[in-house]
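Written below as structure tokens is the structure these notes are about.
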Amino acid sequence: MIQPASPDLITVYIDGKEIAVPKGTNVIEAAKRVNVDVPHYCYHPKLTVVGNCRMCLVEMGLPAVDPATKAPVMDPATGKQKVNWMPRPTIGCATNVSPGLHIRTTTQMVKDCREGVMEFLLINHPLDCPICDQAGECKLQEQSAGYGRGYSRFVEKKNVKPKRTLLGPRVMLDDERCILCSRCIRFSKEVAKDDVLGFIDRGSYSTLTCYPGRKLENNYSLNTVDICPVGALTSTDFRFKMRVWFLKQTNSIDTESSAGANTVVWSREGVVYRVTPRQNDAVNDTWMADSGRVLYKEIRAAGRLDSVRVEGSESALEFALGAAAAILGKGGAAVVGSGRSTVEEQFLTRKLAEALKAKASLVSRVGEGDGLLVTADRNPNVRGALVTGLAAELPSATLGTLAEQIDSGAVTSVVSVGEDLAAAGLSEAQMAKISIIYLGTHANATSRAARVVFPTLTVFEKHGTLVNQQFRIQRFAKAVPGVAGAVDDLTVLSRLVSACGGAYLGSDVGTVWTALSAEVPALAAIRYSNIPDTGLLLDGSPWAALPFAEGASLHYKPGSAPQEAAARG
Amino acid sequence: MNLKAETLSRIDEVIPHYPVKRSAALPLLHLVQEDQGYVSSEAIEWIAEKLGLQPINVYELVTFYPMFRQKPIGRRHIKVCRTLSCAIMGGYRTCAEFQKQFETRLGDVSPGGDVTVEFVECLASCGTAPVVMIDDELHERVDAARARELSDKIKAGAPTDTGRR
């Protein structure tokens with residue numbers, strides 16, 4: 001079928017392949033759509049175009065028109081409009097498509113251009129790939145293999161520039177490796193709004209540096225490391241730890257706030273080495289906060305709970321489940337759920353509360369939003385609690401009602417799913433008065449006071465989903481096995497539900513989702529397996545009236561979520 | 001920043017000459033250097049503040065142009081040409097003589113703070129090489145003997161002006 005021409009689409013020809021792209025697309029992006037690689041360094045889709053690396057040189061031609069009559073000039077041999085090829089190459093990043101534009105990327109001229117640019121870039125670049133952290137994910141390395149000439153004609157001495165400069169607490173700079181693409185400078189200025197980087201001594205000795213006395217220490221500084229096409233900027237945390245090609249990549253979600261930045265967790269043999277952002281143009285573009293990258297350290301942090309305990313002594317899971325059911329069976333039970341739990345866990349928490357005929361409360365965690373990717377709501381999944389029906393209203397900062405019920409004796413036992421009751425405002429006396437059953441990853445006042453403790457998993461050790469501030473349900477996967485002794489949250493919750501008289505709903509995400517989609521109308525059509533990598537927008541309109549804590553941030557305006565969902569539907 | 005009132009008024013006068021404030025960075029740097037003898041980091045920050053920029057943006061400019069100084073210089077600034085004609089006609093000997101006279105090295109402030117001696121590129125008076133500029137005065141055919149003469153005058157605090165600019 002012939003598609004009607006869309007007014008916003010422009011037809012261009014890349015290496016002879018015809019493609020219609022939206023107005024304003026540049027040649028690199030247009031070529032990407034027909035799987036033609038235009039090598040580049042300085043161009044980044046989320047930053048302004050400067051065109052200073054010259055690597056994306058291509059040959060460009062425009063359809064020929066008669067200068068006098070403006071009539072198309074036809075080529076009698078082919079019957080098509082002639083193409084006027086420009087005698088000199090042009091950069092792809094700064095060339096926006098125009099109707100009938102022709103691009104060639106495979107000609108001798110383009111090949112010579114790339115070889116020439118590569119040769120200049122490599123003149124002062126140290127040949128220290130064997131000790132360079134970027135090796136394996138280095139654009140310079142890849143493109144010198146792909147487009148370089150293969151040997152060096154340079155016999156002079158290379159420039160000497162500062163090495164091992166600490167730009168900030170998390171970013172190390174090796175100026176000799178820098179190819180002056182200025183991505184980091186533009187990122188700091190345009191995205192992080194912290195304009196501290198610049199080139200000084202411009203010329204043969206151009207040097208990337210921070211303004212003397214200032215530091216690159218904003219909470220987004222590590223994105224400069226991600227976008228650095230070479231090994232000039234490296235992370236002080238990841239530096240010299242592991243070769244990237246040994247690492248397994250697992251898609252995950254940043255749990256530090258309700259922004260829900262998409263991430264990749266890099267691990268090897270059960271050890272996580274780093275967390276980097278994953279592109280999601282509707283959520284976090286290609287960025288994430290530095291604070292979210294260190295969360296993996298919780299996996300092996302001191303105080304990690306690694307054994308099921310009953311009355312303080314190690315116990316088997318079966319016995320502990322029995323003990324917990326006995327405590328809860330006496331009546332007067334309450335459930336404290338968490339905005340940090342996954343959607344599946346929240347659903348099971350709700351089921352547990354229903355089985356116990358108890359009220360579930362949540363604890364809010366509100367900080368200051370930075371307007372970018374750390375939002376005011378530091379619980380990653382408050383909206384999940386709303387969607388699954390665990391909570392009908394937003395959580396409060398303290399457990400006031402629960403405290404009153406404990407004082408009055410109405411509540412005698414509490415199941416806490418990962419929430420520290422002491423931090424949520426219960427006094428020591430109140431906690432001593434009740435029997436606590438605690439599911440959590442790390443030791444705290446609640447785990448110490450608890451009669452039954454189930455050690456559970458961190459976000460890196462389990463599968464699950466989270467609903468971010470846009471009501472976008474996003475999936476994360478297990479990157480590493482859980483620490484020895486820990487039990488999957490779903491296993492504990494499911495078995496606790498059945499031990500307390502509810503139906504057993506399974507202990508893996510797939511099975512739990514069967515029940516979840518059957519019971520929660522908002523999730524009816526969804527299965528864990530069919531959630532796309534970029535998430536799925538849910539209809540948030542039933543909760544539009546709630547006073548959510550978040551202010552405007554990247555790709556989010558307060559109150560805009562329902563409209564977005566409506567537009568999608 | 002302790003700028004003279006006249007410098008301040010010239011700064012305020014020059015900024016609106018440009019369509020965007022940022023463009024006034026270079027003239028401001030010149031004015032501040034004229035006033036203070038060099039561009040201190042305090043001055044860089046002051047200019048950035050004045051033009052709504054970040055200090056790094058001004059710092060990039062200062063490091064690009066060799067004629068912006070980031071350190072104080074002596075009371076008189078001796079600039080010896082080293083481009084071809086002057087180099088052939090003995091500019092290097094002239095420069096060495098100045099350095100010997102003031103017991104200083106290239107680019108340093110001489111002990112006592114009298115002068116700073118520096119090489120510069122062509123001063124556009126090749127016919128009368130070797131040429132030297134002392135502050136804004138042009139001195140032609142400065143061989144070693146003439147360099148000694150000029151040095152004595154500077155040391156004595158006597159005027160060296162030739163009337164040439």
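The values are calculated or read from the model by the stated rules, or taken from the named source; none is laboratory data. Note that this is a predicted model, so its numbers are computed, not measured. Counting neighbours? That spans all protein chains shown, and the Cβs are built from the backbone with ideal geometry, glycine included.
Condition (residue is over 30 Å from A:GLY213 (Cβ atoms) and over 31 Å from the mean Cα position of the chain (by Cα)) applied to region A:127-146: is it met by at least one residue?
Within region A:127-146, one or more residues are over 30 Å from A:GLY213 (Cβ atoms) and over 31 Å from the mean Cα position of the chain (by Cα).
Could you please find all residues in region A:528-543 being surrounded by 19 or more Cβ atoms within 10 Å (Cβ to Cβ), in contact with a helix residue (DSSP H, G or I) (Cβ under 9 Å, 6 or more places away or on another chain) and in a loop (DSSP other than H, G, I, E, B)?
A:LEU538, A:GLY540
Quick one: which of A:ARG239, A:ARG214, A:ARG183 is closer than 30 Å to B:TRP46 by Cα, away from chain B (no Cβ under 14 Å) and not aliphatic (A, V, I, L, M)?
Testing whether each residue is closer than 30 Å to B:TRP46 by Cα, away from chain B (no Cβ under 14 Å) and not aliphatic (A, V, I, L, M) leaves just A:ARG183.
Within region A:38-65, can you find the residues that are outside any strand (DSSP E or B) and charged (D, E, K, R)?
Listed by number, the residues that qualify are A:LYS46, A:ARG54.
Just to be sure I understand, how many residues within region A:460-476 are in a helix (DSSP H, G or I) and within 14 Å of A:THR511 (Cβ to Cβ)?
0
Could you grab the pairs with beta carbons closer than 8 Å, sequence gap of 6+ or different chains, first residue in region A:74-85 and aliphatic (A, V, I, L, M), second one modelled with pLDDT of 90 or more and surrounded by 10 or more Cβ atoms within 10 Å (Cβ to Cβ)?
That search, which allows pairs on different chains as well, returns A:MET74/A:LYS82; A:VAL83/A:GLY61; A:VAL83/A:LEU62; A:VAL83/A:PRO63; A:VAL83/A:ALA64; A:VAL83/A:HIS102.
Out of all the residues in region A:190-208, which are more than 8 Å from chain B (Cβ to nearest Cβ) and either without any contact (Cβ under 8 Å) to a residue 12 or more places away in the chain or over 19 Å from A:CYS53 (Cβ atoms) (or both)?
Within region A:190-208, A:VAL191, A:ALA192, A:LYS193, A:ASP194 qualify.
Using the structure shown, decide if B:ALA145 is touching an Asp or Glu at 6+ places or on another chain (Cβ under 9 Å) and more than 14 Å from chain A (Cβ to nearest Cβ).
yes
Any chance you could count how many residues in region A:238-260 are surrounded by fewer than 18 Cβ atoms within 10 Å (Cβ to Cβ), touching a residue at least 60 places away in the same chain (Cβ under 8 Å) and part of a loop (DSSP other than H, G, I, E, B)?
3
Is one or more of the residues making up region A:282-290 under 18 Å from A:THR236 (Cα atoms) and either of a type in the set (D, E, K, R) or assigned by TED's automatic domain parsing to the domain that holds A:THR446 (or both)?
Yes, there is a match, as at least one residue in region A:282-290 is under 18 Å from A:THR236 (Cα atoms) and either of a type in the set (D, E, K, R) or assigned by TED's automatic domain parsing to the domain that holds A:THR446 (or both).
Spot the failing condition for B:THR83; the list is (1) closer than 26 Å to B:VAL132 by Cβ; (2) β-branched (Val, Ile, Thr); (3) within 14 Å of chain A (Cβ to nearest Cβ), and only one is missed.
(3)
Every residue, every condition in (1) touching a His at 6+ places or on another chain (Cβ under 7 Å); (2) in contact (Cβ under 8 Å) with a residue 12 or more places away in the chain; (3) under 16 Å from A:ARG472 (Cα atoms), yes or no:
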{"position": "A:GLU318", "(1), (2), (3)": "no, no, no"}
{"position": "A:GLY329", "(1), (2), (3)": "no, yes, no"}
{"position": "A:GLY337", "(1), (2), (3)": "no, yes, no"}
{"position": "A:LEU356", "(1), (2), (3)": "no, yes, no"}
{"position": "A:GLY369", "(1), (2), (3)": "no, yes, no"}
{"position": "A:LEU372", "(1), (2), (3)": "no, yes, no"}
{"position": "A:THR375", "(1), (2), (3)": "no, yes, yes"}
{"position": "A:VAL382", "(1), (2), (3)": "no, yes, yes"}
{"position": "A:GLY389", "(1), (2), (3)": "no, yes, no"}
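Go over the candidates A:ALA503, A:ALA525, A:ALA479 one by one and state the one that is at pLDDT 95 or above and in a loop (DSSP other than H, G, I, E, B).
That would be A:ALA479, the only listed residue that is at pLDDT 95 or above and in a loop (DSSP other than H, G, I, E, B).
Failed condition for A:ALA302, given (1) in contact (Cβ under 8 Å) with a residue 12 or more places away in the chain; (2) part of a loop (DSSP other than H, G, I, E, B), with all others met?
Answer for A:ALA302: the failing condition is (1).
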